[in-house]
Amino acid sequence: MAIYKALAQAECKYYGKTSMNECIIEKGNGLFKYIYPSDYRNVLIEIANSLTQETDIEIYTDGSMKNIATNEIMMGCAFVISALTKKSFNCGIADNPSSNKAELMAVILSLMTCPKATNVEIYSDSQWVVNTFDDLNFLTIKNIERSKVNYKVLWLCLFKIIRIYSLKVKITKVKVHSDCDYNKEADKLAKSGAEKNVLIIEDKLLLHNGTVCWRDMPIEHNPILMIKGIKDTQFIEEFLMLHRNEVYRQPDLLRIKICCNELPTCANLKKRKPDLYDEDWKCNFCKIKEETFNHFWKCNDINTQELLNGKINELGM
């Protein structure tokens, strides 16, 4: 199926009037009503109420990821406000895990607590957040909607908060694990936040005109690349489900390597690292022929021939 046909099948939600534009009312009854669970919402409202008299605010934000490259990956984000009475917040977040998303969510949640027409300076150790913010800061909302930036729905939410509440925001890069106590505290809170309950922002707040969704979830990355990835995954799944490819569905890594001719024979190693493996090297056992995949199974000088034949029978090759 062509990628554009697949994209056309994705759900395209259209809202004539976004919820963000309806939130020009008091913040306690506006933005925060889209935050769940209520425990997090109440903490954010309390922080916002304590800042109503502030005109200049400094915020330190951070994000964290745990159990990377596992099925139990967790994300956390946090911010620390260095006002007269220090305020802090941390929580867990989910879906489309990445350190960039964790850092960006911390910035968004911190801006939700700022009163109107405030000068806000945010300190973040994420160069991606700083650079992307600088690139998008002078664009219109429509131009941001047309951009191909990752986590576009979150960036749109951030800039709508800034413009609807007339905030003057500057994001400054701070070194990771710097000597700043506020930054250290934000880092510590972000790591502990990864183990807390997940904060949920209702889709109604994030969706904008023409938001593309997949299975009722907004696509946070480039939609074209997202749909392409989905189709590639579906193709691989269909390929593996063919009866002739049953061997590939087994969890035995050796079986897969054998079927794909990916055993680390000398011939394969020369292709992978020609600077390390000499072109003249032969089979390590007979020293005569090149050690190819076929030669590995036929070489008469391999003392473990019977063992290999037993393995072949075991795998049903």
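Across segment 128-140, the number of residues qualifying as in a helix (DSSP H, G or I) and within 16 Å of Val169 (Cα to Cα) comes to 8. In this structure, is Lys175 outside any loop (DSSP other than H, G, I, E, B) and modelled with pLDDT under 90? For Lys175, the condition - outside any loop (DSSP other than H, G, I, E, B) and modelled with pLDDT under 90 - is not met. Counting only residues that are of a type in the set (D, E, K, R) and at pLDDT 90 or above, which one in segment 133-146 is surrounded by the fewest Cβ atoms within 10 Å (Cβ to Cβ)? The qualifying residue surrounded by the fewest Cβ atoms within 10 Å (Cβ to Cβ) is Asp134.
Here is a yes/no grid of residues against (1) surrounded by 14 or more Cβ atoms within 10 Å (Cβ to Cβ); (2) within 15 Å of Cys114 (Cβ to Cβ):
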residue: Asn49; (1), (2): no, yes
residue: Glu58; (1), (2): yes, yes
residue: Ser64; (1), (2): yes, no
residue: Asn71; (1), (2): no, no
residue: Cys77; (1), (2): yes, no
residue: Ile81; (1), (2): yes, yes
residue: Phe89; (1), (2): yes, yes
residue: Asn96; (1), (2): yes, no
residue: Asn100; (1), (2): yes, no
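Residues that are of a type in the set (Ser, Thr, Tyr) number at least 2 in the following strands (runs of 3 or more DSSP E) confined to segment 73-127: 119-124. When Glu195 is tested against (1) farther than 27 Å from Asp56 by Cα; (2) out of contact with any strand residue (DSSP E or B) (no Cβ under 8 Å at 6 or more places or on another chain); (3) of a type in the set (Asp, Glu), just one condition goes unmet, and that condition is (2).
Yes/no per residue for (1) more than 22 Å from Ala102 (Cβ to Cβ); (2) surrounded by fewer than 16 Cβ atoms within 10 Å (Cβ to Cβ); (3) in contact with a Gly (Cβ under 8 Å, 6 or more places away or on another chain):
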site	(1), (2), (3)
Lys148	no, yes, no
Leu154	no, no, no
Ile161	no, no, no
Glu185	no, no, no
Arg215	yes, yes, no
Glu220	no, no, no
Leu225	no, yes, no
Ile236	yes, yes, no
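When the helices (runs of 4 or more DSSP H) confined to segment 201-317 are screened for residues that are modelled with pLDDT of 70 or more, those reaching at least 3 such residues are found at 203-206, 223-241, 266-272, 293-298.
The values are calculated or read from the model by the stated rules, or taken from the named source; none is laboratory data. A quick note: this is a predicted structure, and the numbers were derived from the prediction, not measured. Don't worry about glycine lacking a Cβ; one is built from the backbone with ideal geometry, like all the others, and counts go over all protein chains shown.
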